[in-house]
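Right, one structure below, let's go through it.
The values are calculated or read from the model by the stated rules, or taken from the named source; none is laboratory data. Please read these numbers as outputs of a predicted model, since none were measured by experiment. As a convention, Cβ positions derive from the backbone with ideal geometry for all residues, glycine included, and neighbour counts pool all protein chains shown.
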Amino acid sequence: MSAHGKPGPTELAPFYHRYIDACPWDDLQLGLEGSWREFERLLRSIPEEFEAHSYAPGKWSVKQVVQHVIDTERVMGYRALRFARNDASPLPGFDEDAWAAQATAEERSLADLIVEAAAQRASTQHLFASFNPEMLLRSGIANNAPCTARATGWIIVGHMLHHARIITERYLIHAQP
């Protein structure tokens, strides 16, 4: 199996395939760079009065979605690091709703969250650039499912694109004049 390109179906849980399938790139570093550019451009276009907007009762605000994307990228990056280093210890899942309730994203500005997201993405890009092909193909167990280090990188890319689409389709539609 080659470490280049998108992961195969056995490299990650079926749930994540929708994220990978949405990625237009065939190179992970290009995907990390491109998905960030798209996400940042979208976030910078959001009017200030919509930063705390949620599209329905009980749904996250735009700022909470951004915090969730940051948190997920950190979790996936940690998983990739553990897998790349041949750590065989199974890793737990995480409850994104419980995390969102504790994150206090509403107390921050969207501009501040964008700065944090940019720093996290830069760190993620360096992390994956440091992995050689053998490391990218190493696998572990996370949330009771096998996953390779490479697949976690593609999950990060696809997850960001997924939430960019959600923000555009469900949140910003209300911002139209």
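Among the residues of segment 77-96, write down those that are hydrophobic (A, V, I, L, M, F, W, C) and more than 19 Å from R121 (Cβ to Cβ). Hits for segment 77-96 are F83, A88, L91, F94.
Checking segment 113-127 against the condition returns a match, with at least one residue being more than 16 Å from S35 (Cβ to Cβ), surrounded by fewer than 17 Cβ atoms within 10 Å (Cβ to Cβ) and either in contact with a Lys or Arg (Cβ under 7 Å, 6 or more places away or on another chain) or among the hydrophobic types (A, V, I, L, M, F, W, C) (or both). Within segment 92-111, if we keep just the residues that are part of a helix (DSSP H, G or I) and among the acidic types (D, E), the residue that is nearest to N144 (Cα to Cα) turns out to be E96. The requirement of being exposed (fewer than 14 other Cβ atoms within 10 Å of the Cβ), out of contact with any Lys or Arg (no Cβ under 7 Å at 6 or more places or on another chain) and not polar (S, T, N, Q) is fulfilled somewhere in segment 149-165, by at least one residue.
Listed conditions (1) under 23 Å from F94 (Cα atoms); (2) assigned to a helix (DSSP H, G or I); (3) modelled with pLDDT under 95 are all met by Y16, apart from (3).
Looking at E106, E134, just one residue is touching a Lys or Arg at 6+ places or on another chain (Cβ under 8 Å), at negative phi, loosely packed, with under 15 Cβ neighbours inside 10 Å and in contact (Cβ under 8 Å) with a residue 24 or more places away in the chain, and that residue is E106.
Hey, any hits in segment 112-126 for a residue that's in contact with a helix residue (DSSP H, G or I) (Cβ under 6 Å, 6 or more places away or on another chain) and in a loop (DSSP other than H, G, I, E, B)? Scanning segment 112-126, I find no residue that is in contact with a helix residue (DSSP H, G or I) (Cβ under 6 Å, 6 or more places away or on another chain) and in a loop (DSSP other than H, G, I, E, B), so the answer is no. With (1) at pLDDT 95 or above; (2) assigned to a helix (DSSP H, G or I); (3) over 24 Å from I20 (Cβ atoms) as the list, and S89 as the residue in question, which single condition is left unmet? Status for S89: all satisfied but (2). Taking A142, is it in contact (Cβ under 8 Å) with a residue 24 or more places away in the chain, closer than 15 Å to F39 by Cα and buried (at least 20 other Cβ atoms within 10 Å of the Cβ)? No; evaluated as a whole, the condition is false for this residue. Of all the residues in segment 35-79, those that are assigned to a helix (DSSP H, G or I) and either of a type outside the set (S, T, N, Q) or at positive phi (or both) number 27.
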